[in-house]
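Visitor: Structure below; questions to follow.
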Amino acid sequence: MTRTRRRPFGVMLLAVLFLMSLFSTTAFASGVEVVPEEEPAFSEEPVQPSETDVEIEVIPEAEIEHTEHSFNAVSWSSLNTVEHEVYLLCSVCGALETVTEGHELAFSDWIAVSDTEHQREKGCICGFISYETALHHDDDGDFFCDDCGYQLVQRFSVTIPAYLPIAVSETGVVATAANAQIINNSAGTVMVTDIWISGENGWSVVPYSKNMASEKVDSKQIGLMLNNAATELIGGDNTAVLSLTDYEWIIAPDSSLPLTYDAVVSANSYPIEGETVLTLYFVVGWAPK
């Protein structure tokens, strides 16, 4: 009798699975072709781009040049009595800066503001303005301020003739002096503003236009013409005021005004010598400026 040895089913199944696993692994390994690794090849020939390639332009880095600012003053603003602020603009890049500086003052001419002082304006380009006041001074001794020209000393000196001689001949011809004059020694221009005449020693002032031929002898009448100004209206106090034309009676410094005169005199029965017949009063002052 033959004995049959039975093996467990589980052991047989495990053996079959193991064999299948070995077979699969070997088959996979035998189907792989191993290609040896090659080194990359380099060529010096230029590579032509294809239609799908993108060209990249490499731009070299730009060089930057640095220079100093070139500032110019464009405006000024006053800060106080001694300083102003200057606005500076660079003509290259347009940069703006400010700096503080002292005023640069410009001065006007001196102008007299009183008998003792004169004044001038001082200003800066920034708009600052102030005024400086100082005393007159006369270093050269000409009686005028050296800075503003103001007449410092009111030196008034006018010489009037002490007398104006009149001589009348027997035939009634009147003779007068040819060198009579008013002399101005003042520091400025003067002007004779008034002249009036009064009779003396019994003599009466009459109009210069009066005809003496019809007057009584020894009536002591006299009329006067002085530089075209004649006796006209006679006052009750035996005085006459001459009508003066202003421009004819102005006398510049260190000059003179000639006096030409004439008279009409009534006849006398006896000679008269050295007698004062008229007194003339001259009013002289500074000429208007």
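Visitor: Only residues that are under 10 Å from residue 195 (Cα atoms) and assigned to a loop (DSSP other than H, G, I, E, B): list them for the stretch 232-249, please.
Guide: Listed by number, the residues that qualify are 242, 243, 244.
Visitor: So for the stretch 187-195 (the condition being more than 22 Å from residue 256 (Cα to Cα), assigned to a loop (DSSP other than H, G, I, E, B) and either among the basic types (Lys, Arg) or touching a residue at least 12 places away in the same chain (Cβ under 8 Å) (or both)), does at least one residue qualify?
Guide: No, the conditions are met nowhere in the stretch 187-195.
Visitor: What's the total number of residues in the stretch 242-275 that are under 30 Å from residue 171 (Cα atoms), modelled with pLDDT of 95 or more and exposed (fewer than 15 other Cβ atoms within 10 Å of the Cβ)?
Guide: Residues in the stretch 242-275 being under 30 Å from residue 171 (Cα atoms), modelled with pLDDT of 95 or more and exposed (fewer than 15 other Cβ atoms within 10 Å of the Cβ): 3 in total.
Visitor: Here's a follow-up. Mind listing whichever residues of the stretch 107-128 are in contact with a Lys or Arg (Cβ under 7 Å, 6 or more places away or on another chain), loosely packed, with under 12 Cβ neighbours inside 10 Å and not aromatic (Phe, Trp, Tyr)?
Guide: Of everything in the stretch 107-128, just one residue is in contact with a Lys or Arg (Cβ under 7 Å, 6 or more places away or on another chain), loosely packed, with under 12 Cβ neighbours inside 10 Å and not aromatic (Phe, Trp, Tyr), namely 109.
Visitor: Then there is this: So, residue 220, is that one out of contact with any strand residue (DSSP E or B) (no Cβ under 7 Å at 6 or more places or on another chain), of a type outside the set (A, V, I, L, M) and free of Cβ contacts under 8 Å to residues at least 60 places away in the same chain or not?
Guide: no
Visitor: Kindly establish whether residue 97 is more than 26 Å from the chain's Cα centre (by Cα) and either hydrophobic (A, V, I, L, M, F, W, C) or outside the structural domain of residue 267 (by TED's automatic domain parsing) (or both).
Guide: For residue 97, the condition - more than 26 Å from the chain's Cα centre (by Cα) and either hydrophobic (A, V, I, L, M, F, W, C) or outside the structural domain of residue 267 (by TED's automatic domain parsing) (or both) - is met.
Visitor: Do you know which of the residues in the stretch 151-194 that are surrounded by 14 or more Cβ atoms within 10 Å (Cβ to Cβ) and of a type in the set (Gly, Ala, Ser) is modelled with the lowest pLDDT?
Guide: Restricting to residues being surrounded by 14 or more Cβ atoms within 10 Å (Cβ to Cβ) and of a type in the set (Gly, Ala, Ser), the top hit is 187.
Visitor: Where the second residue is modelled with pLDDT under 90 and the first is in a loop (DSSP other than H, G, I, E, B) and lies in the stretch 262-274, which pairs have Cβ atoms under 8 Å and are six or more apart or on separate chains?
Guide: What qualifies is 267/172.
Visitor: Provide a single number: the residues in the stretch 125-143 that are over 30 Å from residue 74 (Cβ atoms) and either of a type in the set (D, E, K, R) or in contact (Cβ under 8 Å) with a residue 24 or more places away in the chain (or both).
Guide: Here the count works out to 7.
The values are calculated or read from the model by the stated rules, or taken from the named source; none is laboratory data. Owing to the predicted nature of the structure, the values given are computational and were not obtained by experimental measurement. Heads up, the Cβs are rebuilt from the backbone with ideal geometry, glycines too, and the neighbour counts pull from every protein chain shown.
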